[in-house]
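Just below is one structure, and these are the notes that go with it.
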Amino acid sequence: MIENLIFSEEISNATQEEQAVKQLNKSQLDLDNYYQLNISHVSKIFNLGKTIVLFGTFIIVGTIILMFFKPKMVNDIILICSLIGGILVNFIGAIFISMYSKIIKSANLSQYGMLETTQAYLSNVLASQIQDDKLREDTLSKLAKSLIKKEKNINFND
């Protein structure tokens, strides 16, 4: 928030074209930072889900191997607890993988929104280069209307 206020203060004395270019550059940098952060978080969640599923599978396989090759060593309570534990661990892993898919969907929507913002800034840069004030204002007005139409057409529940 403070960073945005500082940025606004820095560009307040610039020309319209310089402001538009600086806003575009900042938007592109923000989009890239978000993308990198999102990739690292999603990767960690997916790897954790895979690890949990593998751990649960090893528990189940290990229990079955012990049951067949060393039946006297393993009593029934340990067998049942191990199998139930393995199944529960796999269930938790499946939940993590489900979370991963929902996070990907949410991240795609967020990235789409940020990309739309960057495109709006690019449009602003192009419009700011128009020398005729009336034509520039008409162009910006049309851009604003098209952004509103796009916003109405986005389905966030998909």
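Every read-out reported here was derived from the displayed coordinates using simple, explicitly stated rules and does not represent laboratory data. A quick note: this is a predicted structure, and the numbers were derived from the prediction, not measured. Counting neighbours? That spans all protein chains shown, and the Cβs are built from the backbone with ideal geometry, glycine included.
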(message) Run the simple label-point estimate for Gln36 and Asn13 please: 7 Å along Cα→C-beta, distance reported in nm.
(response) 3.0 nm
(message) Applying a 10 Å radius around every beta-carbon, put 139-146, 124-131 in order of their mean neighbour count, most first.
(response) 124-131, 139-146
(request) Can you list which of the trypsin sites (Lys or Arg not before Pro) found in segment 67-137 are DSSP loop residues with at most 10 other C-beta atoms within 10 Å? (result) Lys72
(message) Students often get this wrong, so check it: of Lys26/Lys134; Lys50/Lys70; Lys22/Lys102; Lys44/Lys102, which have C-alpha atoms separated by over 23 Å?
(response) Lys26/Lys134; Lys50/Lys70; Lys22/Lys102
(message) Helix 2-11 against the longest principal axis of the chain: what's the angle in degrees, Cα atoms only, rounded to the nearest 10?
(response) 30 degrees
(message) Quick check: the distance between the Cα centres of segment 97-125 and segment 56-82, to the nearest angstrom?
(response) 47 Å
(message) Please give the charge dipole size of segment 1-152, origin at the Cα centre, charges +1 on K and R Cβ atoms and -1 on D and E Cβ atoms. Round to the nearest 20 debye.
(response) 1020 debye
(request) Enter the angle in degrees (range 0 to 90, nearest 10) between the Cα long axis of helix 76-128 and the first principal axis of the Cα atoms of the chain, meaning the one along which they spread out most. (result) 10 degrees
